[in-house]
Structure formats: C-alpha cells, structure tokens
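Data block below; observations after.
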Amino acid sequence: MALDSHGKREFKQIGTRVARPDGIDKVTGRALYGADMSAPGMLVGRILRSPHAHARILRIDTSEAEAIPGVKAVVTGADFSIPDDAALADISVNVMARTKALYDGHAVAAVAATSAQAAKAALKAIKVEYEVLPHVTDVDAAMAPDAPVVQKGRSLESVPAGMGANVTHHCEFGHGDLEAGFARADKIVERSFKTAATHQGYIEPHACLATMNGDGRADLWCCTQGQYMVRTVCAGVLGIEASQLRVTASEIGGGFGGKTTVFIEPVALMLAKKSGKPVKIVMTRDEVFKATGPTVSTSIDVKIGMTKAGRITAGAATLRYSGGAFPNTTVDMGAQAAFAAYDLDAVRTVGWNILTNRPKESAYRAPGAPQAIYAVESVVDELCLALNLDPLDVRILNAARKGTKSSYGPTFDDIGLLATLEAAKAHPHYNTPLKPGQSRGVSCGFWFNFGGNTCVSLNINTDGTVGVTEGNPDIGGSRASISLMAAEELGVPYDKVRTIIADTASLGYNDVTDGSRVTFAVGLATIKAARDAIKKMCGRVAKIWGIDEDAVEWRDGAAHPAGPNAGKFPPMTLEEIAAISFETGGPIAGHYEVNADGAGVSFGVHLCDLEVDKETGQTTILRYTVFQDAGKAVHPDYVEGQMQGGAVQGIGWALNEEYIYGADGRLLNAGFLDYRIPVASDLPKIDTQILEIPNPGHPYGVRGVGETGIVPPLAAVSNAVSRAIDVRMHELPMSPPRVLKAIKAARG
Amino acid sequence: MVKVLLWGSLRTHTDGQAEVEVEARTFKEVLDRLAEAYPGLRPQIERGVSMAIDGRIYREAWFTEIKPDSEVVVMPYMTGG
C-alpha cells in the first residue's frame, strides 16, 4: 500500500477487541489520578467561595487567616492581574472573583496550609464584606430588559440594539423561503421547550498539585482533558512563559467536556508561588457542582410544517441559551445542529446567549446540540402522531444525505444517517410489538466532529517493540486505539506497541481531548508517523541491499524487494532492522504533526421503550438501542462504550438531572444524592449497532464517536414518555413530580 | 472570484447579502478579503471562524486551497466536549 494512501483496505488488527492497556492498573487501584500525586513539604490548598448568587465584594480581610499557625499563603483576586485576551480574562475572573461574586460558589479567596485543619480554620477566618445584589438564574427572566444585570458591557457586535443587557450573542442560520414552506404544509406544530442545566457528572473531582521554584519554573500535575490547554491558560493568567510551566496530565476519571478548561490550577500555582511550597488542591463534590461548569440551560421555540405524506416543508427554531455568568457562543452549535438531520428547502434558526447568575458553562459532549435537537425531534414526533405516520419512515423520507444542503450551510458529502435509520427500521427492537402500558420513542442525533492540532512521535526500539508518544489524555480508550493503528500500519503485534501520554515539555502542542477528535486526529497522525518510520526503515534496507529506496516496499511487518527487478533478497523484519539500527544510521523514529481536518460529521438514531407509572410519575426504561456511524470502529468495545455512555448520560438528562436553585439563587442539590445520575440498576443493557460508512478524510475511514451518542436520548425518551401518558412533554428533566403534574393537568 | 456564504447574523455587516464574492485562492485570503471589504466582520473573524470548503470543515487552515467553483461557507468556530 502506498504510504500516502486513504481508503478501503483489509485490516488484520483494526476492529479487534484487544485488551485495554490501562485496565489492570485501574481495577487494582494503581492508576494515578489527579489527587494521587504528592510532593515533599506539600501544602493543602482550599478555596473560599461566595455564599451569594450575586454580590459586590466590598472588602476582604485576610489578616486573621494569615496569622493562624501552619498557614503559609493566602490569595485573593488582588493577586491576579486581568489578561488582555477576553477569553483568558473571563477564566481568570472565574477562578478568582475580583469586584463581584457572580454566582453561588464563585471563588473569592484561597489558602495553603500545612494541614487540612489549618486550611479550614483559615477559610473561616477570612472576612469578606459583601453587598448583596439582585440575581437572576432563569434564562427567560434574564433576557427581559429589566432583569438584574449580571455583567455590563459584554454584548458582542452581533447583538442588535435594544436587547437586554444580559444578551451577549446572537446568531442566525438557514436558507429558503419559510413563509412559502409553511404555506405548503398540511399540518403545522409550534411548541416551546425548556431544558435544565446538567453537570457532566464525572466521578473524579478536579485535583492538581502545583510547584513553582524561586527561579519561576513551575510544574503542574492535574486531571484534565488537555495539558497543553492548561499550560496556555495558566501561563496567560499568571503571566509566565509557556516554557517555564510543564503540565503533566494524570489518569482521568471522566471529563465529558467539563475538563477542557481550568478552575483550580491557576490558584494552586499562585499559592505555590507565594508559599514557595508544593500545593495540592482537591475539590469536594459540593465545589464540583457549584463552581465547575454545567452545560447551558435553555428555552427553545420550534415550528415545523409537514405534508400529509410526511414531507417537512419548513422548519424554524429560536434558541435561548444561558451558559452562566460569562459570555459564550454555545448557542451557535445548537442553532446549526437543530435541523441537521433533515433535507429542507426552507429552514431558519435564531440563537441568543444570555447571562445568568450561574456557574460558567463548560463544554458537555456535543455542546449545545442535545437541547436543540430535543426540541426539533419532539415536534417531529408530535407531527407523526397527528398525521398517523411512522416516525422512522418520516425521518427516512426527510433524511439528509450526500448532496443535501445542510441546515447550517455546507453541502453534505458521504454521511451515514440514512444507513442508521434503515438499520433501526430493520432491527428486531423496532419490530417487537409493545405490551400494554409500554411506549416507544425515536430520535435522530447529529454532531460535527473535528480534528485539530496534533503531534505524534513513534520510536522503533532496538528489540523490535514500538513506543508511541501522543499528547491527549486517554479519556475513552485512545491508547488502545492508537496502539492498534500503529500495529496495523507497521505490521507488528498489538502487544509490541505501547502508547504513552506526553507532558507539555516532551512533545509539540496538541489540542484538548474534545470534539470526538482523538481517535480520528491522533490516529491519523500515528498512521503518518508510522509511515515516516517505515520510509526510514526501507531506506536503511535499501542501503544494506545496495538498491534504490524506491525498490523497497513494506509489507506484513517487513521490508521486501518491490518487484522482480529490485533483485532477490530475503525480507527483513522490523525486529531485524531495529536490532542493527545503531550500525545503519542510528535510532529510528517517525514523527508527524498536523492541524487535522476532514473529521466528517456523525449521525445516530436511538430507540427507547419504556413505561410510566401513572400513580407516581416514575419512568422505567425497558429497552434501549443505539445505532451510530463510526466510519471504521478501530476497537469496537470502546466504540460501543461511547455509544452506551452517551445514551446513559442523555437518559439521565431526560429523566432526572437538573440544577435546582432556591429563591435566593443558591444551588440546592450540589451532591449526587440530590442530583440523580442514572446508575446501572436503573437501566437495561444499552444495545448498540455500529455502522461503518468510511470517512473519506481518514486513512482507515475513522469517524469520531464520542459525542453523538448523547444527542438523541433527550427526545427519544421524551417522545416515549409523551406517547405513554398521552401528554406532550415540553420540559426536561421529566422527573416523577413533573410527569405526574402533566398527567393530572391533562385529566383536568 | 469565489462565492462565500455567510451565516445569517453576519449579513448585517454585508448590507444584507447572504453570499458575497471575494478574490481569494486560500482559506486565509478569503478571511483577509472579507475583513477588508466588510470591516464589520473583522471582530468575528479575529475571534475565530471555521470554514467549510466543498463540504469539509476547516479551522485555522490558512493555506488550504480554494478553487473558483468551490463551495465556501463561513461558519462559527467549532468547539466540542
């Protein structure tokens, strides 16, 4: 195979279910997570947080805290400068408030002490004088012109004049003549929806260990989805050079987008700088809920027209998103994704972002898409019911396909939506009759996927084994997948390859582990790095054989003469070439760096069977199946795991998860007892069907799979619940009290 | 000349035009010419945009070639989780 080739090939190892390299360490407790690193003389860092949803900070007196024995450093907002870059400035103000506390849990001061007890006492001794201000936590209330102003002057130029001060961003997408489209419809449904903010719910809380020497060199160990991002942000916030800060990513106990920014790391570094000692900060669960980013809360209006035959004639949506107290543009993604599954002549989406007194939003799997698609898919389902049409037939009839002008602009290339819909239609799940009291929901889902900046080194060891060094924390099994791709390309067994995650000083920059990018982009770079090493090995063999380099080809883990004219030489294996590498020119390594594109969009379809207890409002999921296009499933176990994990998180979002605020703007359920994520006993086994429509943008056809799976469950579950109780649900989560209220309201 | 499709809210800076034409052969040239011709677009371009070229989405890909008949769509900067 040519070294620059893309396309179909017969795989020997790709697609096998090899043992994961991190499994034993994780199940035996040997894996080192964020809180597991220690250093001699290490101090305990703790953060003081605002008890108010919105308050001006008039004065902070730390003198009493500083006098407590064992307290080595105290920091407040006064210790941090504000970077010129707006995004960095927002992060800096979020990690330590300056003039105002913007939400319940906003950090206002921090201490480092020789013991947890001394740190706790110091927090109590810090005196903060607040002027409590009016607050707003609801997205619709915050959009009103007379709403309390969270931050002044933050509106982008995209916001038309006359909007409320909390409106910071506006976007519009679409094409075609909406009026004409709706005029062609036999039935039009227009509804409004709300979705609650939900947390990513990772099990491992944020944790880090920071050191900073007297000469300004710093080291940081932390759990993160991107050590290079941590370096860039912390260096920017603290005003130090990137080369002086080395960041090492620990093993990670879940992130789902929530660890693509920083919360405690700049604070730990500042405490380390002031104290001259290593400082460890580990968040409590209460802090994780109050002060790290949940996803956006939303309010969405959708209007769709359909013919009696099921053809959608026009679709429109207005989306109002709030990502808390700081500006963000997540609504861009929702407004683009809302109608992506459909081939429409007339479509328009309008998005707004609004500030509220809630924590700063962090990304959460396919950020912005689940909410928008939930609203659209709910209206599509209502139209199917009203027109007595099969929900999968309608989606097949309207499905976007190759050549469709997408609702957000570009024309689709090869996409797998139709294949997933047809797979769902043919699946035994869809064809199993429902029993009395049971109902079935259907939804499509979509995510963009992307590639991004990636750098990989691949070393051929002298014993014929291979080391791959990449720069993305392994959040979903990437080390196994990367090793598989290196093994496939080089033609060596999987267990001869070990993949490690580099610190920021050891490898060029890599974007964070997000956007479902790692198996696609790091895989692509690994394949290219392997081809670079192969080229070098063929060059060495050409010299040994005394023939041109072009006359040597790589096949099945060995160099061969490329044809009869190249001469007769016995093949030389990678192991043989590696063993004599010192004699033939020195160590052999491959390298590749790229800003990868061509990730290819991803579609999925979910089926959900459930029943609702009409006396209690409790929903029980009975059967659930996920259909998703993976391009090529490098390691099917992990692909299925991503599909199942996304489905479970989406089911939690649909049924139980929400940030609940009191009248005082304080978060009432900052813990897993009151913020109810699904556990294994709540759910049936999530079935999966992987479809493989090769992505033309990747040498092996790989598509990202990490995010799409969380998109369809919101509507799949809501559509099933609505059918079960014969009442259309318009708000998430559909917790038992909310479902019961809807049932009682319908009964009159 | 290349035809460039803009998302809706950017059209307030292009006299309401959904599609504009610029003389450009690469990703970077498209953005430079847009910012020159329509200064109101500059803040958004400086914050970051993605660009779909013949259906493939790019971020920060200055030298990506654009043919005269390419489909070019300026999109918000892609982010993920």
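The values are calculated or read from the model by the stated rules, or taken from the named source; none is laboratory data. No experiment lies behind these values; they were computed from the predicted model shown. Note that we place each Cβ from the backbone using ideal geometry, even for glycine, and neighbour counts take in every protein chain shown. To get the accessible areas, we keep the full protein, side chains included, count just its heavy atoms, and leave off ligands, DNA and RNA. Shrake-Rupley method; radii C 1.70, N 1.55, O 1.52, S 1.80 Å.
Key figures
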| item | result |
| --- | --- |
| Potential extension, residue B:45-residue B:11 segment - 0.36 nm per residue separation minus Cα distance | 10.9 nm |
| Cys with no candidate disulfide partner in chain A (beta-carbon separation under 4.7 Å rule) | A:171, A:223, A:234, A:384, A:444, A:455, A:538, A:608 |
| Share of alpha-carbon pairs per 10 Å distance bin for the range A:329-392, given as whole % | 18, 43, 26, 11, 1 |
| Fraction of accessible area attributable to carbon and sulfur, the range A:428-477 (%, probe 1.4 Å) | 52 percent |
| Accessible area of the range B:2-76 divided out per residue, in Å², using a probe of 1.4 angstrom | 48 Å² |
| Accessible carbon and sulfur surface of the range A:540-698 relative to its total accessible area, %, 1.4 Å | 51 percent |
| Hz values of 3J(HN,Hα) by residue in the range A:414-425 - Karplus curve (6.51, -1.76, 1.60), Gly and Pro given as x | 5, 10, x, 4, 4, 5, 5, 5, 5, 5, 5, 4 |
| J(HN,Hα) series, the range A:35-46, from Karplus relation 6.51 cos²θ - 1.76 cosθ + 1.60, nearest Hz, glycine and proline x | 8, 8, 8, 10, 9, x, x, 5, 9, 9, x, 9 |
| Rg ratio (alpha-carbon, reference 2.2 N^0.38 Å) - the protein assembly as shown | 0.97 |
| Shielding of B:72-78 by partner chains, average beta-carbon count, 10 Å | 6 |
| At R0 = 30 Å, FRET efficiency that the Cβ-Cβ distance of residue A:672 and residue A:140 yields, to 0.05 | 0.55 |
| Residue A:413/residue B:65 FRET efficiency (R0 22 Å; Cβ-Cβ; nearest 0.05) | 0.80 |
| Förster-model FRET efficiency, 51 Å R0, residue A:509 and residue A:188, C-beta, rounded to 0.05 | 0.55 |
| Cleavage-rule hits (trypsin sites (Lys or Arg not before Pro)) in the range A:657-748: DSSP loop, at most 10 neighbouring Cβ within 10 angstrom | A:685 |
| With every protein chain in place, the range B:2-76: carbon and sulfur % of accessible area (1.4 Å) | 48 percent |
| Label-point gap, in nm, between residue A:495 and residue A:179 - each point 7 angstrom along Cα→Cβ | 7.1 nm |
| Translational diffusion of the range B:2-76, µm² s⁻¹ [Kirkwood Rh, Cα pairs; Stokes-Einstein; 37 °C; 0.692 mPa s] | 274 µm²/s |
| Size-normalised alpha-carbon gyration radius of the range A:251-328, reference 2.2 N^0.38 Å | 1.87 |
| Percentage relative contact order, chain A, counting C-alpha pairs under 8 Å, at least six apart | 15 percent |
| Extended-chain gain in nm, criterion 0.36 nm per residue less alpha-carbon gap, residue A:39 and residue A:432 | 135.6 nm |
| Cleavage-rule hits, GluC sites (Glu not before Pro), the range A:214-303, DSSP coil, Cβ neighbours within 10 Å at most 13 | A:241 |
| Inter-label distance, nm, simple model (7 Å from Cα along the C-beta direction), residue A:32/residue A:660 | 4.1 nm |
| Cleavage-rule hits (GluC sites (Glu not before Pro)) in the range A:605-660: DSSP loop, at most 16 neighbouring Cβ within 10 angstrom | A:615 |
| Extension gain, residue A:24 back to residue A:576 (0.36 nm per residue minus Cα-Cα distance, nm) | 195.6 nm |
| Shielding by other protein chains, A:404-412, mean Cβ within 10 Å | 5 |
| B versus A: buried accessible surface, summed, Å² (probe 1.4 Å, to nearest 100) | 2200 Å² |
| Given A:435/A:632; A:303/A:402; A:100/B:28, the pairs whose alpha carbons are separated by over 29 Å | A:435/A:632; A:100/B:28 |
| Per-residue average of Cβ from other chains inside 10 Å of B:12-19 | 1 |
